[in-house]
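Before any comments, here is the structure.
The values are calculated or read from the model by the stated rules, or taken from the named source; none is laboratory data. Since this is a predicted model, take the numbers as computed values, not measurements. Reconstructed Cβ throughout: ideal geometry from the backbone, glycine too, with neighbour counts over all protein chains shown.
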Amino acid sequence: MVEGPSGKTIAALTGSSEAVIKGELRCMILSSCDRCCTEVKLKLAADFVYVCMVGSEEYGPGRQETECREEDYNRLYLKEPVIDLGPLYREQVFLSIPPQIICDESCRGLCQGCGTDLNKTSCECEQVENESPFAVLRQLKDR
Ligand SMILES: [Zn+2]
Ligand SMILES: [Zn+2]
């Protein structure tokens, strides 16, 4: 079962045409393991801050300081003073998905040779995989 998403968002006006949105988002997604393709439940957590500005896309003078801290938050330019949270949440969910999804740290994945799920069973090709350059060196030495 997948838990429904939960979160909270606080919006505060910080100027005549500026608002700050702070939010937390917790949700669970179903994905598949990068190594063995098993279904993986992934808990996502995103904490985000958006600074929303209505109107101009340009910063006036005196805004340099905030511009330097660009990484701290996302900027959002609005044509109208209406904030649609849907796209923000969607963006945050995508951003919080890790680049690599694995079912378990110790997941052995699928055999690249025959596609066998190495978590469940082993296969013939496994030995080839284990052959490291060092093993070859050792063989040469033994001769
Ligand atoms: Zn896996
Ligand atoms: Zn194999």
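Regarding residue 33, is this residue of a type in the set (A, V, I, L, M, F, W, C) and at pLDDT 95 or above? Full working, then the answer.
Numbers: of a type in the set (A, V, I, L, M, F, W, C): yes; at pLDDT 95 or above: yes.
It is true that residue 33 is of a type in the set (A, V, I, L, M, F, W, C) and at pLDDT 95 or above.
The one condition from (1) surrounded by 10 or more Cβ atoms within 10 Å (Cβ to Cβ); (2) away from ligand 2 (no atom under 16 Å from the Cβ); (3) modelled with pLDDT of 85 or more that residue 115 does not meet is (2).
Mind listing just one residue for me: the one in segment 118-134 that is exposed (fewer than 10 other Cβ atoms within 10 Å of the Cβ) and more than 10 Å from ligand 2 (Cβ to nearest atom) and, of those, modelled with the highest pLDDT?
To start, the set of residues in segment 118-134 that are exposed (fewer than 10 other Cβ atoms within 10 Å of the Cβ) comprises 120-121, 127, 130, 132-134.
Filter once more, so that each one left must be more than 10 Å from ligand 2 (Cβ to nearest atom): 120, 130, 132-134.
On the way: 120: 94, 130: 52, 132: 60, 133: 61, 134: 62.
Restricting to residues being exposed (fewer than 10 other Cβ atoms within 10 Å of the Cβ) and more than 10 Å from ligand 2 (Cβ to nearest atom), the top hit is 120.
Here residue 66 meets the list (1) at pLDDT 60 or above; (2) over 28 Å from residue 4 (Cβ atoms); (3) of a type in the set (S, T, N, Q); (4) touching a strand residue (DSSP E or B) at 6+ places or on another chain (Cβ under 9 Å) almost entirely, failing just condition (1).
Any residue in segment 96-109 that is modelled with pLDDT under 85, surrounded by 15 or more Cβ atoms within 10 Å (Cβ to Cβ) and on the phi < 0 side of the Ramachandran plot? Let's see the steps before the verdict.
As a first pass, look at segment 96-109 and keep what is modelled with pLDDT under 85: none.
The answer is no; no qualifying residue exists.
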